1. To the nearest 10 degrees, how steep is helix 2-22 against the longest Cα principal axis of the chain, on a 0 to 90 scale?
2. Would you kindly work out the equivalent ellipsoid of the chain from its C-alpha gyration tensor and give its semi-axes, the square roots of five times the eigenvalues, largest first in whole Å?
3. In terms of Cα to Cα distance under 28 Å, which lysines are near enough to residue 91, apart from those fewer than 8 places away along the same chain?
4. How about residue 164: which lysines have a C-alpha closer than 22 Å to its C-alpha, ignoring those fewer than 8 places off in the same chain?
5. How would you rank 186-194, 69-77, highest first, on the average number of other Cβ atoms within 10 Å across their residues?
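All of the numbers you see were taken from the coordinates with simple rules; none came from a lab. The model shown is predicted, which means the values in this text are computed figures rather than measured ones. Methodologically, a virtual Cβ is constructed for each residue, glycine included, from the backbone with ideal geometry; neighbour enumeration extends over all protein chains shown.
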Amino acid sequence: MKHRLLVLLTLTCLSASLQADVLGVYGAVGYWHVDFSGDSISDVSLDKDFSISSDGGAYAWVAIEHPLPFIPNIKVAHNSLKDSGTSVIGKSFAFNGTPFVVGQTVVTEFDLRHTDVTLYYEMLDVGYDLDLGLTVRAFDGELNVSGVNEDLVAYHPLIYARAKFGLPFTGLYLGAELNGSGDMKDYQIKLGWETENFILPEFGVELGYRKFTINADADTLDVDLDVEVDGVFMAFTAHF
């Protein structure tokens, strides 16, 4: 009887391990507390002129990995990233043909939400993971100044890289991730912990720091932007 139970337990573990190797689904939901800085429109400061400085937003991502060598894995991520402010402007400017003058009170809404679709390959997966691929970032936001609106809609290709270094026998790991091109860079570093077992699912938590910079003209994103967004984040993760 003991031998039968041992064989059954072994087969169960092997089956779960084989299933994980064949198909893995990873995901996370989290919150990113951000500080905004930089310029928009005609060198109008987001934080100093529009009082857009600090806020936060939820984000989530899901990735599907498989063992087929020539077909890339896929990851989809969505970030809600917006803030609003009321201010008395200290410089005159024009936005979408509408003039704004010194001393005028304006209400500004800045929305830089975006969705990433990433195709990537696992270069290493031996406890020290390395992924490389290509991301297409789709912006679906807006800049609204006292009712004058401009949609921030664009698609931008980025190089994707991700590294993860597990600390043996602890469940802890260090991670880093980068999406970047010449005028747009988005990177994060993090410390995480996840349950370790041979039977899925596995759950965990991550704490980290993320910085996103964009320097785009009106031809790229409909509005001139030279903006930096950075701050700490926390997320809950899962692996099925």
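1. 30
2. Numbers: eigenvalues 397, 60, 37 Å².
Output for the chain: semi-axes of 45, 17, 14 Å.
3. Within the straight-line cut-off, residue 91 pairs with 48, 82.
4. Cross-link targets: 75, 185, 190, 211.
5. On the way: 186-194: 17.3, 69-77: 14.1.
Output ranking for 186-194, 69-77: 186-194, 69-77.
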